[in-house]
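To start, the structure under review is shown below, and the notes come after it.
The values are calculated or read from the model by the stated rules, or taken from the named source; none is laboratory data. Just so it is clear, the model here is predicted, and its values are computed rather than measured. Quick reminder, even Gly has a Cβ in these numbers, built from the backbone with ideal geometry, and neighbours come from all protein chains shown.
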Amino acid sequence: MSPAVCFIASEVAPLAKSGGLADVAAALCKYLHGSGADVRLFMPFYSSIDRTSLEHYPVGFLQDVPVGVGPHSYRYSVYTARLPESSLFLYLIDIPVLYSRPTLYTNDPDEHLRFLALTRAAIECCQRMGWSPDIVHCNDWHTAFAPLLLRYLYGWDRRFAHTRTVLTIHNIGYQGVFSAAQAADVGLGPGSTLLHQDDLRAGRINPLKHGIMYADAITTVSPTYAREICGSEYGMGLEGALRQRGEAVLGILNGVDYELWDPRTDPYLPRTYGPDELDVKADLKREFLTRLRLRSGPGTALLGLIARMTPQKGLDLLFDSLPEVLETRDVCFVALGNGEARYEQFFENLQRRFPAQVVFHRGYSEDLSHWIEAASDVFVMPSRYEPCGLNQLYSLRYGTVPIVRRTGGLADSVTPYNPVTGDGTGFVFNDFDTPALAWAMRTALDLYPDREAWERLVRNGMAQDFSWQRQGELYIRLYERLSA
Ligand code: ADP
């Protein structure tokens, strides 16, 4: 069976991306399309998407169409464009009053309306296309009202009689909570009794919670994270709602789009390499260090980091451990990202204090992220929690040994190095504290000069397969099970 899948996402790479959701939306849909599924991917036509460089075509019968969102009404037009590096055409929902903002996400008072409008427009596009999806697959809080809306508001439409819903939680830390005073915006009218009543009484509405309550299946992006969020330490208040759904909650590790992330074909690199060309990787490191004006000796190890600089990423653990490593070891460090001021300041200070060893690039750079993955020896990912994490998966493929905390998708994708057998793919620490990370960095850097052992570890990682061919199959099986 090739399922018909309506996939709704608030971001899709490379058109609009703030994190892993964008990569997953693009790569999973590409995989589904390639496997013969009729997948129709809907996303906002943000003003940040460059309309001059993206070839896009108006969908004739979907121009200037009204859509109601509770008491509000908008008009949308749909454009179609080829998803870069794919033959899949996606649908861009254009509502300039909602999507012409300086950033993808905002703290504006109508934030919930922006994505309720996306959700409703996508569902109504299915109706106007005369299309009955087997699956409506929504993602994170932004589109999490889809299952409830389909059940209640669009339940009359026989087109959706057999439609089943999947909610994927990419990060439970973002729930999209808004005020109960805006309950009418959900548009359920008398069906507002289906909203979470205790929350309403407490003055709030939690979109993600409604996805958990009403989706036929709830997935998250790794098996370990699926278990973790059912408990109070990681559930961010939604553990009760998740536990109530029991078997409907499952984890599917994200895949990697190896067409974009493979050192054998990476267009960002001047020279490409595979597991038998580690000398090229070493050359790239030297070139990179020189370009960054960093120290580059025969034994210099390069540590890399790419992250949204939020508390989730565990960067606090570097405050004490990293300066010591830089002082005592032949090590350089390159960090890319932006976010909270205290983290940015830490990396800026570090760069001032160790000018020959540290470069901090504040901001977002696709080019630099590929270079860091390719040129580094070690990738540092000490996350407090990590639903899946993509960078450790990229690192494995690039022969860049990950140092990770044993949580979420990091636990599911990096196996601890065993010095006796030589097995394993990285360095894994358990406790969220500085000594634990310091131990992992020390252990990695102690092994680094042992070229034979190190290269074996590097090749172990490069041999791992986290392709969508494997992970995407698990989604297809889920769709089939739900549709049966
Ligand atoms: P999260 O979704 O929590 O941000 P993931 O590891 O799942 O973390 O995905 C992050 C994605 O965003 C990766 O593809 C990573 O390379 C990319 N990324 C994050 N920050 C930057 C940045 N500053 N520049 C370039 N790419 C970045």
Practice item. Scan region 339-360 for residues that are within 15 Å of PHE288 (Cα to Cα) and either within 15 Å of the ligand (Cβ to nearest atom) or crowded, with 20+ Cβ neighbours inside 10 Å (or both) and report the count. Key: 4
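Quick grid of which residues meet (1) within 20 Å of the chain's Cα centre (by Cα); (2) outside the structural domain of PRO311 (by TED's automatic domain parsing); (3) closer than 20 Å to TYR258 by Cα:
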{"site": "CYS388", "(1), (2), (3)": "yes, no, yes"}
{"site": "ARG405", "(1), (2), (3)": "yes, no, no"}
{"site": "GLY408", "(1), (2), (3)": "yes, no, no"}
{"site": "VAL414", "(1), (2), (3)": "yes, no, yes"}
{"site": "PHE427", "(1), (2), (3)": "no, no, no"}
{"site": "PHE432", "(1), (2), (3)": "no, no, no"}
{"site": "MET441", "(1), (2), (3)": "no, no, no"}
{"site": "GLU452", "(1), (2), (3)": "no, no, no"}
{"site": "ARG477", "(1), (2), (3)": "no, yes, no"}
Review point. Of the residues GLU85, GLU124, which is assigned to a helix (DSSP H, G or I) and more than 27 Å from GLY339 (Cα to Cα)?
Key: GLU124
Point to revise | Those residues of region 21-73 which are within 16 Å of the ligand (Cβ to nearest atom), surrounded by fewer than 16 Cβ atoms within 10 Å (Cβ to Cβ) and hydrophobic (A, V, I, L, M, F, W, C), in sequence order | key: none
Point to revise | Candidate set: region 1-20, residues that are surrounded by 24 or more Cβ atoms within 10 Å (Cβ to Cβ) and either among the hydrophobic types (A, V, I, L, M, F, W, C) or closer than 14 Å to PHE89 by Cα (or both); chosen: the one farthest from the chain's Cα centre (by Cα) | key: CYS6
Study note, to complete from the structure: Flagged pairs (Cβ under 8 angstrom, 6 or more apart or on separate chains; first in region 281-303, among the aromatic types (Phe, Trp, Tyr); second part of a helix (DSSP H, G or I) and modelled with pLDDT under 95) are none
Exercise for review: Can you tell me which residue among LEU54, LEU98, LEU104, LEU41 is in the same structural domain as ALA146 (by TED's automatic domain parsing), under 27 Å from the mean Cα position of the chain (by Cα) and assigned to a helix (DSSP H, G or I)?
Suggested key: LEU98
Check your understanding: Considering region 213-230 alone, what residues qualify as being surrounded by fewer than 24 Cβ atoms within 10 Å (Cβ to Cβ) and either over 18 Å from ASP412 (Cα atoms) or of a type in the set (D, E, K, R) (or both)?
Key -> MET213, TYR214, ASP216, ALA217, ARG227, GLU228
Exercise for review: Kindly establish whether PRO14 is within 16 Å of the ligand (Cβ to nearest atom) and out of contact with any Lys or Arg (no Cβ under 9 Å at 6 or more places or on another chain).
Suggested key: yes
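Is there a residue in region 316-338 that is part of a loop (DSSP other than H, G, I, E, B), in contact (Cβ under 8 Å) with a residue 12 or more places away in the chain, away from the ligand (no atom under 16 Å from the Cβ) and surrounded by fewer than 19 Cβ atoms within 10 Å (Cβ to Cβ)? Reasoning before the result, please.
Initial filter on region 316-338 (part of a loop (DSSP other than H, G, I, E, B)): 329-330, 338.
Still in the running and in contact (Cβ under 8 Å) with a residue 12 or more places away in the chain: 329-330, 338.
From what's left, away from the ligand (no atom under 16 Å from the Cβ): 329-330.
Subsequent filtering for residues that are surrounded by fewer than 19 Cβ atoms within 10 Å (Cβ to Cβ) retains 329-330.
Yes, the conditions are met somewhere in region 316-338.
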Revision key, fill the gap. Exactly one of ALA282, ALA301 is away from the ligand (no atom under 16 Å from the Cβ), in contact with a strand residue (DSSP E or B) (Cβ under 9 Å, 6 or more places away or on another chain) and of a type in the set (Gly, Ala, Ser), and that residue is ALA301
**Study point:** Selection from region 150-192 of residues that are basic (Lys, Arg), part of a helix (DSSP H, G or I) and either closer than 29 Å to ASP23 by Cβ or without any contact (Cβ under 8 Å) to a residue 60 or more places away in the chain (or both)
**Key:** ARG158, ARG159
Practice item. Please state which one of PHE42, PHE89, PHE61 is under 23 Å from CYS388 (Cβ atoms) and of a type in the set (A, V, I, L, M, F, W, C). Key: PHE42
